[in-house]
Amino acid sequence: EILKFRNENQEARNVAVFGSGHLFDFPQELLDNPRLQIFLFDAVHPREVRNKSFEANVKFINCDLNLKPEALLASCAEELQQCELFISTNLLSQLALCRSAQLLKNEVERAKLARQIIENHLSFLRSMPGKSLLICDFEKRFIGLAGDKVLEQTTLWDYAMAKPLRSWAWDLAPLGEISKKYRIELEVGVWRIN
């Protein structure tokens, strides 16, 4: 999906990636493109990623992606203003999960805060000066031995998302990793934000 997004916007030379982390989900082809400037935004970028050599001009920006849109824009304005493409990858559910768990124990209040964090990130993507792509999980399924769904739950705290352009199942924990009775998979979707 990321390559497709980039190929549809060939004129873009500056790409911002939110939730870059270990770069597991980012195409090597783009990192090997010397004509691109790639800004990687995350709370932490592991040493093994920082030590890699990239053909593209890569800049690591350590920042708190949980900030409100206006605060994040203010803290990273110089880098963000240079970009034409914005990609949020496997981040949305994690922002809400981690931050709400840190701050609140009451489940009703926690869900409310999680939905606000999700809305903040989507508002941030909508406010970007170029085109934005969102890739994130939105559902977790526990699959039993017979292939039946034992349990299905939202990973976005019942936040009302539009139907994704495309979605696919991603194996989170194979049978036996967490339980001998079920495996866990995530449903991951892709959205064009603007």
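The values are calculated or read from the model by the stated rules, or taken from the named source; none is laboratory data. Note that the structure is predicted; figures quoted are calculated from it, not measured. Neighbour counts are summed over all protein chains in view; Cβ atoms, including those assigned to glycine, are modelled from backbone coordinates with ideal geometry. Each accessible area value is taken on the protein alone, full model and side chains, heavy atoms only, with ligands, DNA and RNA left out. Shrake-Rupley method; radii C 1.70, N 1.55, O 1.52, S 1.80 Å.
HIS45 meets each of the listed conditions (1) closer than 23 Å to ARG6 by Cβ; (2) modelled with pLDDT of 90 or more apart from (2). Restricting attention to the range 1-26, the residues that are assigned to a helix (DSSP H, G or I) and closer than 12 Å to LEU133 by Cα add up to 5. Elements of the type strands (runs of 3 or more DSSP E) sitting completely within the range 95-194 and holding at least 1 residues that are of a type outside the set (D, E, K, R), within 19 Å of the chain's Cα centre (by Cα) and surrounded by 19 or more Cβ atoms within 10 Å (Cβ to Cβ): these cover 131-144, 182-192.
Here GLN82 passes the criteria (1) at pLDDT 90 or above; (2) not in a loop (DSSP other than H, G, I, E, B) except the one numbered (2). Mind checking which residues of the range 1-23 are of a type in the set (A, V, I, L, M, F, W, C) and on the phi > 0 side of the Ramachandran plot? Result: LEU23, single match. Scanning the range 110-150 for residues being without any contact (Cβ under 8 Å) to a residue 24 or more places away in the chain and closer than 16 Å to PRO174 by Cα gives a total of 4. The set of residues in the range 48-99 being touching a residue at least 24 places away in the same chain (Cβ under 8 Å), of a type in the set (Gly, Ala, Ser) and more than 25 Å from ALA169 (Cα to Cα) consists of ALA56 alone. Do the conditions hold for LEU91, that is, is it open to solvent by 10 Å² or more (accessible area, probe 1.4 Å), under 13 Å from the mean Cα position of the chain (by Cα) and within 26 Å of ILE184 (Cβ to Cβ)? When the stated conditions are applied, LEU91 passes them.
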